[in-house]
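K.L.:
Once you've had a glance at the structure underneath, I'll fire off some questions.
FYI, it's all coordinate maths here, none of it is from the lab. What you are looking at is a predicted structure, and each value in this text was computed from that prediction instead of being measured. All Cβ positions, even for glycine, are placed from backbone atoms using ideal geometry, and neighbour counts span all protein chains on display.
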Amino acid sequence: MFATRQISSLAKRAFSTTAASNGAKVAVLGAAGGIGQPLSLLLKQSSLISHLSLYDIVNTPGVAADLSHINSNSKVEGFTPKDNGLKNALTGCDIVVIPAGVPRKPGMTRDDLFNTNASIVRDLAQACAEHCPKAHILVIANPVNSTVPIVAEVYNKKGIFDPKRVFGVTTLDVVRASRFVSEVKKIPVEDAKITVVGGHSGVTIVPLLSQSGHKFTEEEVKALTHRIQFGGDEVVKAKDGAGSATLSMAFAGARFTNSLLEATVAGKKGIVEPTFVKSPIFEKDGVEFFATNVELGPEGVEKIHPVGKINEFEEGLIAAAVPELKGNIAKGKKFMA
Ligand code: NAD
Ligand code: LMR
């Protein structure tokens, strides 16, 4: 799927010295889970990864043995907490993807996961800060609006927070938006490029349909906006207690990881992905982290795009998102305080 590319010498210098010369070391934490397994399978296909390091509290040796038979060039290793597994999984990593944590059941909000997932993410981030302090951290575990500030605080406390290297993965929201708009407008997904800003839960997910170049009726805008904001609930309901989105999330997580690899390892320019990062855009409103389109570069975040021109309806959506985000971010920071 991903063609072999020359690694730019600039990107190589910017990358960890422990990265193998032909690619990056990427760790997936929570690799035996519903997202972790298909995500690891997709990452095994990347020619920009030389070493795939799989960590979970259970079952990773089996997942790693299975994936290691696939004839792509990366080496695969599986670790559990035994024998310093987390340290060994992380040492030398360039990118760490974190889907570790519990998923929702019907009737739950993402915030209901906070009590369990906050400490899982904190402990894993502490290990990353210790064993691979320069790695890019890609947070999938929910509630993303709070777990990303937790990771930032772990690094802040050690005085090593680099806002270019900590990302909340919100790619699933744009993947869904593209698919849902393509269904309504009966157009190919390639022509349905939808910017989604804000955060990753309910009203904090703000699709900017007015920027898509397509015309929508008022009913279409309302229905699409609601579906994009609450798309996760559709899957949670359909899975009926067996978890939340895993396969579409693995697809979205692999897309974001591959984009970051293209920018960092392959030195490709102009790669833009939406992601929840430390951002100045709503800082004056007390919102330190915000998702917009972000250009990725050799160090991670290269340029944070502004929200851009929006209409009155979308201004209303942002006005609803900002206070909710402020509370979610404060909750993560308070947990760390
Ligand atoms: P899952 O229960 O299937 O898998 C989670 C895995 O994490 C399990 O294998 C578990 O053993 C592991 N784990 C738990 N504690 C750990 C620890 N301390 N260290 C390492 N591994 C640990 O859940 P899932 O469906 O894969 O979802 C994982 C998380 O991703 C959930 O919080 C879910 O809400 C979130 N999610 C986020 C998005 C997004 O768009 N960002 C989308 C879907 C799901
Ligand atoms: C999603 O958007 O599918 C994920 O955040 C999982 C969830 O809890 O809905």
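K.L.:
Using 0.36 nm per residue of separation minus the Cα-Cα distance, give me the extension gain between Ala330 and Thr109 in nm, one decimal.
P.N.:
On the way: separation 221, 0.36 × 221 = 79.56 nm, distance 1.74 nm.
Gain in length upon complete extension: 77.8 nm.
K.L.:
Taking square-rooted eigenvalues a ≥ b ≥ c of the alpha carbon gyration tensor, is segment 171-336 rounded, prolate or oblate, where a/c under 1.5 means rounded and, failing that, a/b exceeding b/c means prolate?
P.N.:
Taking the square roots of the gyration eigenvalues as a ≥ b ≥ c, segment 171-336 is rounded.
K.L.:
So for each of 234-245, 212-223, 191-202 I average, over its residues, the number of other beta carbons within 10 Å; can you give me the resulting order with the highest mean first?
P.N.:
With the highest mean Cβ count within 10 Å placed first, the list reads 191-202, 234-245, 212-223.
K.L.:
If contacts are Cα pairs under 8 angstrom and at least 6 residues apart, what is the relative contact order of the chain in percent?
P.N.:
Result for the chain is 19 percent.
K.L.:
I would also like to ask the following. What pairs from Lys105/Lys303; Lys164/Lys284; Lys164/Lys326 go past 25 Å between their alpha carbons?
P.N.:
Checking Cα-Cα distances, Lys105/Lys303 exceed 25 Å.
K.L.:
Let me ask you something else. In the chain, what cysteines have no partner Cβ closer than 4.7 Å?
P.N.:
So far as the 4.7 Å Cβ criterion goes, Cys128 stand without a partner in the chain.
K.L.:
I would also like to ask the following. Between Glu220 and Glu183, what is 0.36 nm times their sequence separation minus the Cα-Cα distance? Round to one decimal in nm.
P.N.:
12.2 nm
K.L.:
If neighbour count is taken as other Cβ atoms inside 10 Å, put Thr275, Thr109, Thr292 in order from fewest to most. List each step's numbers first, then the result.
P.N.:
Values: Thr275 28, Thr109 14, Thr292 23.
Listing Thr275, Thr109, Thr292 from fewest to most nearby Cβ atoms yields Thr109, Thr292, Thr275.
K.L.:
Per DSSP helix of 4 or more residues, -39500 (n - 2.57); summed, then divided by the residues of the chain. What does that give at 222 nm, rounded to the nearest 500?
P.N.:
-13000 deg cm²/dmol
K.L.:
Whole angstrom only: what separates the Cα centroid of segment 255-288 from the Cα centroid of segment 301-337?
P.N.:
Centre-to-centre (Cα) distance: 15 Å.
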